[in-house]
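**Student:** What follows is a single structure, and I will ask about it in a moment.
The values are calculated or read from the model by the stated rules, or taken from the named source; none is laboratory data. Note that the structure is a prediction, hence the values are computed from the model and not measured. Neighbour counts are summed over all protein chains in view; Cβ atoms, including those assigned to glycine, are modelled from backbone coordinates with ideal geometry. These accessible areas exclude ligands, DNA and RNA; they are computed on the full protein's heavy atoms, side chains included. Shrake-Rupley method; radii C 1.70, N 1.55, O 1.52, S 1.80 Å.
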Amino acid sequence: MRRPPLLALLAALVALTVAPVAASASSGTKGGKGPLRMNHVQARGSHNSTHQDHNGSLPGVPPWDYSHPALDVQLEEQGVRQVELDLHFNWARDDIEVYHVWFADDRSSCTLLRDCLALIRSWSDAHPGHHPLLVLLEPKDGPLEDEDPFTRPFGTYEYQRLDEILREVWPDRVVTPDSVTGRGTTLRQSIVERGWPKLADVRQHVTFLIDGDDHGTAYSNGYTSLAGRMSFVQAPEESPVAAFVGRGGGSGKYDRMSRLVAQGFMVRDLAGDPRAALAAGAHYISNDTPTMSAYDDAGMRPSRCNPVTTLDVSCTAEAIETHAHRDGYATSGTVSGDDPAAVIGDKVDRLVVRSATAAADAVTNGRQP
């Protein structure tokens, strides 16, 4: 039966209104109208971010012969938006030092955590449009990582001091677990059901993340609570504090990563295969060479839209962040070929000076291990 002209017109209007919505929901193509959020970002990072060439390999020690520029230079010149700081608690100074491994690989572009954070803060103050930076914090107190007599393992007090130092340098503009957790819900529920903060609300912010299963467990009271804490942890996906989740390993690593990212969790990956990590949707991808061509080839200048989380969101790299990006800083060097005896002599000299300073601090402050 032929429809009256008015009814036919109304039917056509309804079809035009409904069809695009259905197509968008089914096709998964970009172009939706939802707001950009923290987890819509994909950014490059650096590993062992304060590392400095230790002037030659020692016998039996892996060759750590590369140097990163200063932290603020990485942010400004290399487009880095995630850094990793290796932490050692010096009981004599009641402070946290930053370096890779005691004695064998202890040269660092900044010595104290507060000084490293101050460099990042200064850069952030001057760049109000940047998307959230991620500062990965890795306490180093395992065998061979830290045999310094003036340091001790992290525990309740040391984690408290860590939070105090973070608050001292970053009293504001921090995405904390409490700021993401909704009233009456767990952190995990808030992430899965409500999502991460809008990107517009957290520009010029920083996010802290504790690395390592043992330290993540201790810092979050067995993965049960991050209330009042400054940092997230890489938690099991089923735990109530899951927001950043561990990436796992093995042959199915990137399939699992992509699934977790699609659920709303955030992932930082130490990428042996940057292109696979990019395709899987890792949010912060780090290695020792943050200027490698894989990132530029992917359009990360400095960052880009996450290919997994922005399927139904209108997103451009310029909407994530616009910042001039220039390459040219060498992040990996060559073996210097220094005489091993000279290298050992240099390390011993610095060890004597450092130990004398720490001993004097311990006496002055009345501290003991």
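**Student:** Among the candidates Asp213, Asp172, which residue alone is under 26 Å from Pro139 (Cα atoms), in contact with a strand residue (DSSP E or B) (Cβ under 9 Å, 6 or more places away or on another chain) and surrounded by fewer than 16 Cβ atoms within 10 Å (Cβ to Cβ)?
**Tutor:** None of the others qualify; the one that does is Asp213.
**Student:** Sort out which residues of the range 87-117 are open to solvent by 10 Å² or more (accessible area, probe 1.4 Å) and among the charged types (D, E, K, R), and write them in order of number.
**Tutor:** Hits for the range 87-117 are Arg93, Asp94, Asp95, Asp106, Arg107, Arg114, Asp115.
**Student:** Are there any pairs, at least 6 apart or on different chains, whose C-beta atoms fall under 6 Å, with the first in the range 286-304 and over 17 Å from Val41 (Cα atoms) and the second acidic (Asp, Glu) and assigned to a loop (DSSP other than H, G, I, E, B), and if so, which?
**Tutor:** What qualifies is Thr291/Asp327.
**Student:** Could you check His51 against (1) open to solvent by less than 10 Å² (accessible area, probe 1.4 Å); (2) modelled with pLDDT under 90; (3) within 21 Å of the chain's Cα centre (by Cα) and say which number it fails?
**Tutor:** (2)
**Student:** Name every residue in the range 129-151 that is closer than 21 Å to Ala70 by Cβ and at pLDDT below 95, in order of residue number.
**Tutor:** Lys140
**Student:** Need at least 2 residues that are under 30 Å from Tyr157 (Cβ atoms) and at pLDDT 95 or above per element, so show me which helices (runs of 4 or more DSSP H) inside the range 202-310 make the cut, counting only ones lying wholly within it. Steps first, please.
**Tutor:** Numbers: elements: 213-219, 253-263, 274-280, 293-297.
Here the list reads 213-219.
**Student:** Looking only at the range 136-162, filter to residues that are farther than 21 Å from Asn48 by Cα and out of contact with any Phe, Trp or Tyr (no Cβ under 8 Å at 6 or more places or on another chain); which one of those is most open to solvent (accessible area, probe 1.4 Å)?
**Tutor:** Thr156
**Student:** Give me the residue from the range 177-201 that is outside any loop (DSSP other than H, G, I, E, B) and touching a Pro at 6+ places or on another chain (Cβ under 6 Å) and, out of that set, farthest from Asp125 (Cα to Cα).
**Tutor:** Step one: filter the range 177-201 for residues outside any loop (DSSP other than H, G, I, E, B), giving 177-180, 187-194, 198-201.
Pick out the ones that are also touching a Pro at 6+ places or on another chain (Cβ under 6 Å) and you get 187-188, 198.
Working: Leu187: 28, Arg188: 31, Lys198: 20 Å.
The selected residue is Arg188.
**Student:** Failed condition for Ala342, given (1) at pLDDT 50 or above; (2) assigned to a helix (DSSP H, G or I), with all others met?
**Tutor:** (1)
**Student:** Follow-up. Would you confirm whether or not the range 152-167 contains a residue that is of a type in the set (D, E, K, R), under 25 Å from His40 (Cβ atoms) and at pLDDT 95 or above?
**Tutor:** No, the range 152-167 contains no residue that is of a type in the set (D, E, K, R), under 25 Å from His40 (Cβ atoms) and at pLDDT 95 or above.
**Student:** Inspect the range 135-154 for any residue being touching a residue at least 60 places away in the same chain (Cβ under 8 Å) and within 21 Å of Arg37 (Cβ to Cβ) and give the result as yes or no. Talk me through it step by step, then tell me what you get.
**Tutor:** To start, the set of residues in the range 135-154 that are touching a residue at least 60 places away in the same chain (Cβ under 8 Å) comprises 135-139, 148-154.
From the residues that got through so far, the ones that are within 21 Å of Arg37 (Cβ to Cβ) too are 135-136.
Looking for residues that are touching a residue at least 60 places away in the same chain (Cβ under 8 Å) and within 21 Å of Arg37 (Cβ to Cβ), one finds at least one in the range 135-154, hence yes.
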